1. Looking at the range 1-15, which of the residues that are hydrophobic (A, V, I, L, M, F, W, C) and over 19 Å from residue 178 (Cα atoms) is surrounded by the fewest Cβ atoms within 10 Å (Cβ to Cβ)?
2. Check whether at least one residue in the range 276-294 is touching a Ser or Thr at 6+ places or on another chain (Cβ under 9 Å), small (Gly, Ala, Ser) and over 23 Å from residue 81 (Cα atoms), and report yes or no.
3. Looking at 191, 215, 210, which one is under 27 Å from residue 26 (Cα atoms) and either among the charged types (D, E, K, R) or more than 13 Å from the chain's Cα centre (by Cα) (or both)?
4. Determine if the range 189-207 includes at least one residue that is farther than 23 Å from residue 100 by Cα, loosely packed, with under 15 Cβ neighbours inside 10 Å and out of contact with any Lys or Arg (no Cβ under 6 Å at 6 or more places or on another chain).
5. Scan (1) at negative phi; (2) crowded, with 19+ Cβ neighbours inside 10 Å for the single condition residue 65 breaks and write down its number.
6. Going through the range 84-132 one residue at a time, which ones are surrounded by fewer than 16 Cβ atoms within 10 Å (Cβ to Cβ) and among the small types (Gly, Ala, Ser)?
7. Only one of (1) surrounded by 14 or more Cβ atoms within 10 Å (Cβ to Cβ); (2) over 21 Å from residue 101 (Cα atoms) is not met by residue 325, so which one is it?
8. Quick test of your reading of the structure: residue 140 fulfils all but one of (1) more than 28 Å from residue 250 (Cα to Cα); (2) touching a helix residue (DSSP H, G or I) at 6+ places or on another chain (Cβ under 6 Å); (3) surrounded by 15 or more Cβ atoms within 10 Å (Cβ to Cβ); (4) not acidic (Asp, Glu). Name the failing condition by number.
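The values are calculated or read from the model by the stated rules, or taken from the named source; none is laboratory data. Just so it is clear, the model here is predicted, and its values are computed rather than measured. Neighbour counts are summed over all protein chains in view; Cβ atoms, including those assigned to glycine, are modelled from backbone coordinates with ideal geometry.
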Amino acid sequence: MRICIVGAGAMGGSLAALLARAGEEVTLLARGATQAAIRADGLTLTFKDETFTTRPAIADDPATIGPQDYVIVALKAPAAPGIVPALRPLLGPHTAVVTAMNGLPWWYFHKLTGPFEDRVVESVDPGGVQWTGIGPTRAIGCVMWGGASVASPGVIHYSGRDLTPLGEPDGSASPRVAALAAAFARAGLTSPVLPNIRDEIWMKLWGNLSFNPVSALTGATLGGIHADADQAMVVRRMMEEAQAIAEKLGVTFTMTLQDRVDAVKPLTRHKTSMLQDFETGRVPEIDALVAVVPELGRMVGVATPTIDVVLNLLRGRARVLGIAS
């Protein structure tokens, strides 16, 4: 199968290295220093106490690659709408587009039976750019539970769980999602095909929408937030509001709120991705991780007072730092 990975950062680079080592026909879209480093020295990944180097195909122009079987989008959420025109040369009649990104995906309401079916989520897809430019019938959901960091261009360290579940928006075990799951498994990832990928999306978003902004505002690590009663209280209230919204949308949580909070207790040194963005001057994923929840709350009639206050502070802090999207 032909797989193009859009986004040569920590997660996209990890997928490219793993799939290339497994023998898949992988092309990684990369530019600048990352492209130069991979062309010169290959793509190096540390994964499960093993370090290896692969040489996936590299391109900076999608038009030179041609239609793919799968396009895996592993970008930061703010960059996703802008990349849509560049994706078009990659999209053949049967190309699937996999959203390997944080936050609520743009296709969320596709095939979700109920009053909001086929609703565009403005916070993650302003003006429906991805909905119309890619098309929700191409979408496959993906949740990456592991963490990764770029040590230097073309050198990535992957940590945490290798769990990377996949799922169709309609919950089916389609041939295309089964084939992709098999490829991920050959690459060393644990990739079950879930009948309701939205439950898994919310389980990750539940933590991201709360711990990420609190850490960005306070500078605390995950374990530090857990240990601080004031910060932990804000996290729990944000999660309570989000859970009420998700359950209105039919989501089932497989973990209690307190268990989800306690899961970060050992991570005393781990900085959230949003805190890292604030510290390094990168545009943070405020809309996809935080603003999207009040948008959904307005849809289902659930108030989000705590999330609203944190969101306002977060946007204000980003403006002060000059990194607002």
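1. The selected residue is 10.
2. no
3. Every option except 191 fails the conditions.
4. First, the residues of the range 189-207 that are farther than 23 Å from residue 100 by Cα: none.
Taking every residue of the range 189-207 in turn, none turns out to be farther than 23 Å from residue 100 by Cα, loosely packed, with under 15 Cβ neighbours inside 10 Å and out of contact with any Lys or Arg (no Cβ under 6 Å at 6 or more places or on another chain).
5. In the conditions (1) at negative phi; (2) crowded, with 19+ Cβ neighbours inside 10 Å, residue 65 misses (2) alone.
6. 86, 92, 114, 127, 128
7. (2)
8. All conditions pass for residue 140, except number (1).
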